[in-house]
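The values are calculated or read from the model by the stated rules, or taken from the named source; none is laboratory data. Owing to the predicted nature of the structure, the values given are computational and were not obtained by experimental measurement. Because the Cβ atoms are built from the backbone with ideal geometry, glycine has one as well, and the counts that use them run over all protein chains shown.
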Amino acid sequence: MVVALTGATGLLGSNILFELFSQYRHSPGQLTVWVLGRPADRQPLAERLSELMQTDGRHYLQIADPAPFLDRIRAVDCFLGHPNLGIADDSFREMKQHPPDLFIHCAAAVDFRDQPGVVEQLRQINVEGTQQVLALSEALGVPDFAIVSTAYVCGIRSGEVAPDFSAPNPTFRNPYERSKLEAEQLVKQAGAEGRFKRVHCFRPTTICGRLIEPPIGYTPKFDVFYAWLAFFLRLKIKQLGRLDYETPAFIDIRVALRRGSGLNIIPADYAAKALVHICLQRPPSQAYHLASPGLTDNYDDLPGLLAFIKVSLPDFVEKMPADLTPLERVYYHRSVGKIYDPYISKPVPLFSLDSLHEQLPVDFPECPLVKGPALHALLEFAKQHDFGL
């Protein structure tokens, strides 16, 4: 089996890489993974991947020596949005000699801001980059193509949403969601035109650290709800003059939370396991939600996040107050409130899991709910790393 993968150094992409190796743990020689990515901080891609496997990969696979798996990785420098993806001719010829059976496009720019420069980058990487990856896959004769999109391409809406649903005029929370829908549409068009035998679209919700494979809670980055909580932790540090998890602090910000709603959060390892299982089974073209069957409730669970760092707020409100204080203006207009308020103060759809469950065997692991002890485990890991501050 030959697989090509973009985004392998990200949270979900790295778990996909590890899960691919997990499926071939007893016969690694039967799997080759072309990893397409970019160098970072003057560190070549091959070194980044070696470091990834020596640290997190070793823990996920629970092995002492990742060398047998590292030997199956072929690193290819790739730059989404650049002409021909910036892939060297020699690398392309080598891939042509050993073409992938499956291409998993997981790489993307994830930025919820709406500044013109950000919007242009989203278009360049998420839309134009996907078009280039499709062209590369077609040139290599790849039969199966899978893209990682986002569940929120459906826009702001309530009620049940099918994984292939596309609203005629969706109201998006941010330009990122729009860019992912446009990328998804390119992939679906390629499938409809018969450019690939099978096309799969995976729509994950909010992705958190691992809750199945060790180390529990692991994540290399602290965005989404971690970043929301880190905002209040920063204010607490400013108030106390030090990082202190034990001393209580009151932050005078009225946070808008929609009652009866919440965040749909899915652990990275569960999402990776489901995606890899489906892709390796090679079913007919389909779309899937990678989503939790239950919400992390705004009023039942989010207060626990604040309690974890011993921060208290005024009572939650149903919508952004009209009479914002200076600190509240920072929250709602210049920081995490601007980014995440559209998610925690708006309706959350019921993401249909029918197509996902149809493809997973009865003994497949259940999706851990991000509540109670599971949520606490995620926060404990984040605390060990000071929420990325």
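Do we find a residue being touching a helix residue (DSSP H, G or I) at 6+ places or on another chain (Cβ under 9 Å), of a type in the set (Lys, Arg) and in the same structural domain as Gly7 (by TED's automatic domain parsing) anywhere in the stretch 57-71?
Scanning the stretch 57-71, I find no residue that is touching a helix residue (DSSP H, G or I) at 6+ places or on another chain (Cβ under 9 Å), of a type in the set (Lys, Arg) and in the same structural domain as Gly7 (by TED's automatic domain parsing), so the answer is no.
Restricting to the stretch 62-80, name every residue that is closer than 15 Å to Val33 by Cβ, part of a strand (DSSP E or B) and among the charged types (D, E, K, R).
So the first thing to find is which residues in the stretch 62-80 are closer than 15 Å to Val33 by Cβ, and the list is 66-76, 78.
So of that shortlist, the ones also part of a strand (DSSP E or B) come out as 73-76.
Arg74 - this is the single residue of the stretch 62-80 that is closer than 15 Å to Val33 by Cβ, part of a strand (DSSP E or B) and among the charged types (D, E, K, R).
When only residues in the stretch 140-154 that are part of a loop (DSSP other than H, G, I, E, B) and in contact with a helix residue (DSSP H, G or I) (Cβ under 7 Å, 6 or more places away or on another chain) count, which is surrounded by the most Cβ atoms within 10 Å (Cβ to Cβ)? Step through it out loud before you land on a result.
First, pick out the residues of the stretch 140-154 that are part of a loop (DSSP other than H, G, I, E, B): 141-143, 149-150.
With the extra rule that they be in contact with a helix residue (DSSP H, G or I) (Cβ under 7 Å, 6 or more places away or on another chain), the set shrinks to 149-150.
Values: Ser149: 25, Thr150: 22.
Ranking the candidates gives Ser149 first.
Mind counting the residues in the stretch 81-109 that are modelled with pLDDT of 95 or more, part of a loop (DSSP other than H, G, I, E, B) and farther than 17 Å from Met1 by Cα?
Here the count works out to 6.
Looking at the stretch 321-348, which of its residues are under 22 Å from Gln239 (Cβ atoms), crowded, with 17+ Cβ neighbours inside 10 Å and in contact (Cβ under 8 Å) with a residue 12 or more places away in the chain?
Glu328, Tyr331, Tyr332, Val336, Gly337, Tyr340
Check whether at least one residue in the stretch 31-41 is surrounded by 14 or more Cβ atoms within 10 Å (Cβ to Cβ) and either of a type in the set (Ser, Thr, Tyr) or over 22 Å from the mean Cα position of the chain (by Cα) (or both), and report yes or no.
Of the stretch 31-41, the ones surrounded by 14 or more Cβ atoms within 10 Å (Cβ to Cβ) are 31-39.
Next, from what is left, pick out any that are either of a type in the set (Ser, Thr, Tyr) or over 22 Å from the mean Cα position of the chain (by Cα) (or both): 31-32.
For the stretch 31-41, residues surrounded by 14 or more Cβ atoms within 10 Å (Cβ to Cβ) and either of a type in the set (Ser, Thr, Tyr) or over 22 Å from the mean Cα position of the chain (by Cα) (or both): present.
Need the failing condition index for Arg42 against (1) out of contact with any Asp or Glu (no Cβ under 9 Å at 6 or more places or on another chain); (2) in contact (Cβ under 8 Å) with a residue 24 or more places away in the chain; (3) farther than 22 Å from Phe18 by Cα; (4) not β-branched (Val, Ile, Thr), just the number.
Among (1) out of contact with any Asp or Glu (no Cβ under 9 Å at 6 or more places or on another chain); (2) in contact (Cβ under 8 Å) with a residue 24 or more places away in the chain; (3) farther than 22 Å from Phe18 by Cα; (4) not β-branched (Val, Ile, Thr), the lone unmet condition for Arg42 is (2).
Somewhere in the stretch 261-281, is a residue surrounded by fewer than 12 Cβ atoms within 10 Å (Cβ to Cβ) and not in a helix (DSSP H, G or I)? Can you show your working first?
From the stretch 261-281, those surrounded by fewer than 12 Cβ atoms within 10 Å (Cβ to Cβ) are 281; that's our starting set.
Subsequent filtering for residues that are not in a helix (DSSP H, G or I) retains none.
Within the stretch 261-281, none of the residues are surrounded by fewer than 12 Cβ atoms within 10 Å (Cβ to Cβ) and not in a helix (DSSP H, G or I).
I'm checking my understanding of the structure. Among residues of the stretch 157-190 that are under 19 Å from the mean Cα position of the chain (by Cα) and over 18 Å from Ala107 (Cα atoms), which one is surrounded by the fewest Cβ atoms within 10 Å (Cβ to Cβ)?
Only one residue fits best here, namely Asp164.
Per-residue answers, yes or no, for (1) buried (at least 19 other Cβ atoms within 10 Å of the Cβ); (2) without any contact (Cβ under 8 Å) to a residue 60 or more places away in the chain; (3) part of a helix (DSSP H, G or I):
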{"site": "Leu5", "(1), (2), (3)": "yes, no, no"}
{"site": "Ile16", "(1), (2), (3)": "yes, no, yes"}
{"site": "His26", "(1), (2), (3)": "no, yes, no"}
{"site": "Glu51", "(1), (2), (3)": "no, yes, yes"}
{"site": "Gln54", "(1), (2), (3)": "no, yes, yes"}
{"site": "Tyr60", "(1), (2), (3)": "yes, no, yes"}
